[in-house]
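Here the structure comes first, spelled out in C-alpha cells, and everything after it is commentary.
The values are calculated or read from the model by the stated rules, or taken from the named source; none is laboratory data. Everything quoted here is computed from the prediction, not taken from an experiment. Cβ: placed from backbone, ideal geometry, glycine included. Neighbour counts: every protein chain shown.
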Amino acid sequence: MTNQEQSTVGARCQLRRPIRVGVIGVGNMGQHHTRVLGLLKDVELVGISDVNVERGIDTAAKYRVKFFENYLDLLPYVDAICLAVPTRLHYKVGMDCLQAGIHTLIEKPIAATISEAESLVNAAAEHNCILQVGHIERFNPAFQELSKVLKTEEILALDAHRMSPYSQRANDVSVVLDLMIHDIDLLLELAAAPVVKLTASGNRASADSNYLDYVTATLGFSNGVVATLTASKVTHCKIRRLAAHCKNSLTEADFLNNEILIHRQTTANYITDHGQVLYRQDGLIEKVHTSNIEPLHAELEHFVHCVRGGDQPSVGGEQALKALRLASLIEQMALDGQIWQQSDWNYQYLNTPLSTVSR
C-alpha cells in the first residue's frame, strides 16, 4: 500500500471515529443533554463535570461515564462540549473550552453581557471552533413546520406568549433572558428584517426581587411587520404559543402540544330553491401534522453534524448575539418605561453585525 493510500485509509477511519463529547453542568438541562448524547449515533459520551460532586458522581454512574470534578481535566479527552452551567459562568467556561480548540454548544443565553458574548463569538472564529447556542425552539417540530407554512404567506403581525409558574430554576436572570429570549430569536428569524421601534414594560413578583418576572414588549420591523412578546414567570399555567397574523390566514403554533392550526376565511352559502340559506361556512381550519422528534435530540444531532462536517450551525454565535442585544434592550426598556425608535443610536447597535469576526 502506497503512502497516499495509507493516508486516505487513515482519513476515512478518522472520519468514522465517533465524536467525543462531554457535558459541563448536569443540573436540570445538563441532565437532558447527557441523556440524549448517550442515545446519538456516532457519538461517544466521554464524561461529565459539575461543581456539585455528589450530583456529578451519581449522573456519571447512571450513564456509565467518567466524572471530572474540574471541568478543565475533561477538555483533553473531547472534541466537543455541551455547556449547561448558570448564565453568569457561560463566558468563563465557554472561553476555556474555545481557547482549548473544543467545539462548544452553550445553553441560551449565550452570555450574561453583550461584551462577553462578543468575546465568545470572536474566540470561536479565532480558534476555528463551532459555536452553537441552545435556542432549542428553532428545532421544535412545530416551529419547523410553521416556518414552512409562512414562506408562502404575507406576515402582518406576530404574537408570542411564553408563560410559566414560578420556579427556582434559572433564577439568576430576568424573565427576558430566561424565557422571552426564545421568542426573540424566533421572531427575528420569521420577520427577517431589522427592528426599528420598540416599547416594553414589566413587573416583579415582589418588591425585593432583583429581576423582572413579567415583561411584555412590542416591536416594529423595517418591513412593516409588528410583533408582541409576553413572558412570565408568575403565571399559574405553562403556555408556549406563537401566532402569525397573515394577509390570508391566521397560523397558530402550540409548542407544548406540538400543534399547528391554520385559520382561513372561506365563505360559502348553500341555498334552497326558496332562497333560504341552509348552511353557511365562514371559515376553514387546517391542522398541520408535525413530527414527534424531541427538540433537544434534533438540536444535538445538528451540533454533532456541524462538528463532523464543519458546517455552521443554524443558531450560531452571531444569531445568539443579535437575540441577546435585543433582549438586553427590552429588559432596559421595561425597567425605564421608555420608547425607542430607529433614530436612536440603538438602531445600529441592534442591526450591525459583529465586524471583528473573521468571515
- Can you name the condition, by its number, that Tyr166 falls short on among (1) over 20 Å from Gln332 (Cβ atoms); (2) touching a helix residue (DSSP H, G or I) at 6+ places or on another chain (Cβ under 7 Å)? (2)
- Consider His245 against the criteria (1) of a type outside the set (S, T, N, Q); (2) modelled with pLDDT under 95; (3) farther than 21 Å from Val133 by Cβ: it satisfies all of them except one. Which criterion is unmet? (2)
- Options Ala142, Ala207, Ala160; residue that is surrounded by fewer than 17 Cβ atoms within 10 Å (Cβ to Cβ) and among the small types (Gly, Ala, Ser): Ala207
- What helices (runs of 4 or more DSSP H) completely inside the stretch 278-359 contain at least 1 residues that are more than 17 Å from Pro194 (Cβ to Cβ) and modelled with pLDDT of 90 or more? 295-309, 317-336
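Do we have Ser167 as under 25 Å from Thr87 (Cα atoms), touching a strand residue (DSSP E or B) at 6+ places or on another chain (Cβ under 7 Å) and of a type in the set (Gly, Ala, Ser) here?
Against the criterion (under 25 Å from Thr87 (Cα atoms), touching a strand residue (DSSP E or B) at 6+ places or on another chain (Cβ under 7 Å) and of a type in the set (Gly, Ala, Ser)), Ser167 does not qualify.
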- Task: Within the stretch 156-175, identify whether any single residue is without any contact (Cβ under 8 Å) to a residue 40 or more places away in the chain and within 17 Å of His289 (Cβ to Cβ), and answer yes or no.
- Result: no
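Filter the stretch 73-112 down to the residues that are polar (S, T, N, Q) and surrounded by fewer than 16 Cβ atoms within 10 Å (Cβ to Cβ) and list them by number. Even if it seems obvious, please write down each step before you answer.
As a first pass, look at the stretch 73-112 and keep what is polar (S, T, N, Q): 87, 99, 104.
Gln99 - this is the single residue of the stretch 73-112 that is polar (S, T, N, Q) and surrounded by fewer than 16 Cβ atoms within 10 Å (Cβ to Cβ).
Those residues that are of a type in the set (D, E, K, R) and closer than 21 Å to Leu329 by Cα, I need them from the stretch 169-195; list them, please. Reasoning before the result, please.
Going residue by residue through the stretch 169-195, those that are of a type in the set (D, E, K, R) are 169, 172, 178, 183, 185, 189.
Scanning the stretch 169-195 gives Asp172, Asp178, Asp183, Asp185, Glu189.
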- Message: For the stretch 183-211, give me each residue that is farther than 30 Å from Cys246 by Cβ and assigned to a loop (DSSP other than H, G, I, E, B).
- Response: Arg204, Ala205, Ser206, Ala207, Asp208, Ser209, Asn210, Tyr211
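So that you can scan it fast, the table gives a plain yes or no per residue for (1) in a strand (DSSP E or B); (2) acidic (Asp, Glu):
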{"residue": "Phe143", "(1), (2)": "no, no"}
{"residue": "Thr152", "(1), (2)": "no, no"}
{"residue": "Ala157", "(1), (2)": "yes, no"}
{"residue": "His161", "(1), (2)": "yes, no"}
{"residue": "Asp178", "(1), (2)": "no, yes"}
{"residue": "Ile181", "(1), (2)": "no, no"}
- Which numbered condition His245 fails, given (1) farther than 18 Å from His182 by Cβ; (2) in a loop (DSSP other than H, G, I, E, B): (2)
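With Ser232, Ser222 as the choices, which residue is over 15 Å from the mean Cα position of the chain (by Cα), modelled with pLDDT of 95 or more, among the polar types (S, T, N, Q) and surrounded by fewer than 16 Cβ atoms within 10 Å (Cβ to Cβ)?
Working: Ser232 fails: surrounded by fewer than 16 Cβ atoms within 10 Å (Cβ to Cβ).
Only one candidate passes the filter, namely Ser222.
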- Residues within the stretch 72-111 that are more than 20 Å from Ala298 (Cβ to Cβ), hydrophobic (A, V, I, L, M, F, W, C) and within 15 Å of the chain's Cα centre (by Cα), tallied: 1
